[in-house]
Amino acid sequence: MKMQEIRLMAKKLGINSFGKTKIELVREIQLKEGNFDCYGTAADSCDQLTCLFRPSCLEKPAGK
């Protein structure tokens, strides 16, 4: 998901995105949605099935 899309999502949830990194912003959105603020910490599995960021969080970086 692109940063512009994440900022728009944050705005709709009443979250100020100014000066925040993608990870910081996604974690704030996760909390607002009722999920754990764990973006980027999953090792290979994730039990947050309703999290919108789950697919990108579980993606393997290129070359790994």
Test: residue in the range 4-13 that is on the phi > 0 side of the Ramachandran plot, at pLDDT 90 or above and part of a loop (DSSP other than H, G, I, E, B): no
Every pair of residues 6+ apart whose Cβ atoms lie under 6 Å, when the first sits in the range 7-19 and is exposed (fewer than 12 other Cβ atoms within 10 Å of the Cβ) while the second is at pLDDT 95 or above: none
Of residues in the range 38-64 being among the charged types (D, E, K, R) and more than 12 Å from the chain's Cα centre (by Cα), the one surrounded by the fewest Cβ atoms within 10 Å (Cβ to Cβ): Lys64
Scan of the range 1-39 for residues that are under 16 Å from Arg54 (Cα atoms), in contact with a Lys or Arg (Cβ under 9 Å, 6 or more places away or on another chain) and of a type in the set (Val, Ile, Thr), ordered by number: Ile6
Hits in the range 14-44 (condition: assigned to a helix (DSSP H, G or I), among the acidic types (Asp, Glu) and under 19 Å from Leu58 (Cβ atoms)): none
Count - residues of the range 45-59 that are touching a residue at least 12 places away in the same chain (Cβ under 8 Å), assigned to a loop (DSSP other than H, G, I, E, B) and under 16 Å from Lys22 (Cα atoms): 3
Extreme residue, farthest from the chain's Cα centre (by Cα), among residues of the range 23-37 that are surrounded by 17 or more Cβ atoms within 10 Å (Cβ to Cβ) and not aliphatic (A, V, I, L, M): Asn35
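The values are calculated or read from the model by the stated rules, or taken from the named source; none is laboratory data. A quick note: this is a predicted structure, and the numbers were derived from the prediction, not measured. No Cβ is skipped: glycine too gets one built from the backbone with ideal geometry, and neighbour counts run over all protein chains shown.
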